[in-house]
Amino acid sequence: MNNRIDVVVVGAGPVGLLTAIELTLAGVRVLVLERLAAASMASKAMGIGPLGCEALQRRGMAASIAAAEARTFAAIKQFTQQTGGPDLRGRGSKFTGHFAGLSLIRKDAQNEPERRARPVDQQAVEAMLADRALSLGIEVRRECDVTNFVQQEDAVDVEWVSPAGAGHSRCSYLIGCDGGHSSVRKMAGFEFPGTAPTMTMYQAVADIDHPERLLPSGWHRTSGGVFSYGPFPGRLVMLDFSGPAEDRQATVTGEEIEAVLRRVSGADVRVKALESGSRWTDNTRLADSYRRGRVLLAGDAAHVHTPFGGQGLGLGLVDAANLGWKLAAVIRGEMPDSLLDTYTTERRPIAEAVLANTLAQMAIMRPDPQAGAIRDIVAKLMQFDDVNRFIGEIMSGLSIRYDLGSKRDDVGRLIGDRPVRRGDANVSLYDLMQDGMGVLLDASGDGKASGLVAASTQRIRCIAVEEGPSMLIRPDACIAWAGEETDGLYEALRRWFNPALDDGSRPE
Ligand SMILES: Cc1cc2nc3c(=O)[nH]c(=O)nc-3n(C[C@H](O)[C@H](O)[C@H](O)COP(=O)(O)OP(=O)(O)OC[C@H]3O[C@@H](n4cnc5c(N)ncnc54)[C@H](O)[C@@H]3O)c2cc1C
């Protein structure tokens, strides 16, 4: 029996775990190597955009997201009761996101308001992914620090060190999901161009002597920088534009947080104790490609930017959803290696756009009067519905449309969940995608589209629907084809699922 591992995933962060889940569902053998002994407890993402959430919902984590969101809402409610602030759920705009700290994105201006960001923290996301990975029998080998690899013609030899000594694995493909400082990216020789750090940001949880002096909760731009207090007790985010820290590796102390908080907020407050604190910069970079031979990158390993608007985690999760089924189809021998190139062509422009919006946000958060003047204009422009929707869709990612060469606006978009009529009942489209299959929504009435699909591949579930258009949906929820008849369906099947289709199976 051939026990060779198909894919080694480096990093059991959220992106590495979802990548492993996608690959396993699609029938390939995966090993995840993770440097840390246990999941990181660092305070990072506090929310996740709609597309990242949907990637998790399609793989069985809808209930876990709802439970984590309920916990967040309960904590926020307690905080707002204690501080006498408004119930943020009523204001709505907090949970439709913000642009540069302008919490002006309106639900009523959005085309798909039900597809919204969810206030679920990164630790909860990592925990639900770890549970799902465990349930699929995925091996996550912890305390394994990947130190080197060599690409052979038909394999990658990976080396790591662990407390038990040095180890080695041979695999067909290696995926670096090892975060912003990715050693896979560096060792494989990817370029990582971008802009160098200019300032310092802090995220902390602190016991503050007079927290009421920092209220109301939310973003405040001052002559010293930007700060946000809440919506949990002691939670601070601060932007200090006086430059990057001299020693970026030095531990963040209570004294440092207090000094920056006093300067940025202008409030007379003291930090009595620091529960957690991290420092980061506006380092903004994007890998030149997401693939070099048998080595691929996903998540922060491929792109780093400031966390404004909470986009990084979702961006990485959608990378994983895009890559997983494609790589598995190549490994199974069903699709040519060139399918992997579409991973870069589809995902890299999306990251490029996210990087650009974070740079733009940073520019209008600076304390100088010129930045303030542009910021005021942006705030006024956001009163117009079209502008509000435009910015809302940039921040949610819902403006994403991969260029699949179709004139139809729906083709290339990631479809949201929707009820699908099955027999006498409605079922969720996403529930039908839990096992990683593609879906055909067949509105042809005579089953012609389903017949064509069934004769072409076993990887698509065909579902008759009453209302059109018919749609071919890839496992990552991308609409690969849509139409009233079957025109173009054959080409889409050949392109994404079965290149061996011969012209004899093309419909008349
Ligand atoms: C303060 C802050 C706030 C944020 N807020 C948000 C937010 O609200 N919303 C949002 O969407 N995003 C947010 N982000 C971004 C989000 O946290 C990241 O985009 C996300 O963690 C990326 O996940 P990842 O799996 O790609 O990388 P990581 O989470 O960095 O995981 C990489 C993993 O690889 C492991 N690893 C590294 N090197 C090796 C090696 N050589 N061998 C083995 N293992 C290795 C690491 O130990 C780690 O477990 C925030 C980030 C920060 C810093």
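The values are calculated or read from the model by the stated rules, or taken from the named source; none is laboratory data. Please read all numbers here as calculations on a predicted model, not as lab measurements. Methodologically, a virtual Cβ is constructed for each residue, glycine included, from the backbone with ideal geometry; neighbour enumeration extends over all protein chains shown. SASA here: full protein model, heavy atoms, side chains in, ligands and nucleic acids out. Shrake-Rupley method; radii C 1.70, N 1.55, O 1.52, S 1.80 Å.
At a glance:
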read-out: Helix 369-381 axis, angle to the chain major axis (alpha carbon atoms, nearest 10°); value: 50 degrees
read-out: Rounded if a/c under 1.5, otherwise prolate or oblate - region 197-280, Cα gyration tensor axes; value: oblate
read-out: Computed magnitude of the charge dipole of region 197-280 (debye, nearest 20; Cβ of K, R +1, Cβ of D, E -1); value: 240 debye
read-out: Accessible area of region 197-280 belonging to carbon and sulfur atoms, whole % at 1.4 Å probe; value: 47 percent
read-out: Heavy-atom accessible surface of region 419-505: percent carbon and sulfur, 1.4 Å; value: 45 percent
read-out: Under the Karplus curve 6.51 cos²θ - 1.76 cosθ + 1.60, θ = phi - 60°, whole-Hz ³J(HN,Hα) for region 151-167, x wherever Gly or Pro sits; value: 7, 9, 5, 10, 6, 10, 9, 10, 10, 9, 10, 9, x, 7, x, 7, x
read-out: Eligible lysines near Lys380 by straight Cα distance, threshold 20 Å, same-chain separation 8 or greater; value: Lys94, Lys107
read-out: Using alpha-carbon coordinates, inclination of helix 312-331 to the longest axis of the chain, degrees; value: 20 degrees
read-out: Extended-chain gain in nm, criterion 0.36 nm per residue less alpha-carbon gap, Asp435 and His210; value: 75.9 nm
read-out: Translational diffusion coefficient (Stokes-Einstein; Kirkwood radius from C-alpha pairs) of the chain at 4 °C, 1.567 mPa s, in µm²/s; value: 54 µm²/s
read-out: Where the chain is the region considered: accessible area per residue in Å², 1.4 Å probe; value: 43 Å²
read-out: Unit charges on C-beta of K, R, D, E only; dipole of region 143-200, Debye; value: 180 debye
read-out: Most positive-pole-ward Cα, Ala454, Trp496, Ala482, against dipole of region 435-508 from beta carbon charges; value: Trp496
read-out: Extension gain from Glu491 to Glu159, taking 0.36 nm per residue of separation minus the Cα-Cα distance; value: 115.3 nm
read-out: Accessible area (Å², 1.4 Å probe, nearest 10) - Cys53; value: 0 Å²
read-out: Selected from Gly194, Gly224, Gly445, residue furthest toward positive end of dipole (the chain; charges at beta carbon); value: Gly224
read-out: Cut-off of 10 Å, at most 13 other beta carbons, DSSP loop: longest stretch of the chain lacking such trypsin sites (Lys or Arg not before Pro); value: 5-247
read-out: Positive-end residue of Val387, Ile415, Val8, charge dipole of the chain with Cβ unit charges; value: Val387
read-out: Fully extended contour minus Cα-Cα distance, from Thr345 to Val427, at 0.36 nm per residue; value: 26.2 nm
read-out: FRET efficiency, Asp403 to Asp247 (Cβ-Cβ, R0 45 Å, nearest 0.05); value: 0.55
read-out: Debye, to nearest 20: dipole size of the chain, +1 on Lys, Arg Cβ, -1 on Asp, Glu Cβ; value: 740 debye
read-out: In degrees, nearest ten, helix 254-265 long axis to first principal axis of the chain (Cα); value: 80 degrees
read-out: As computed over region 146-267, the Cα convex hull volume per residue (Å³); value: 171 Å³
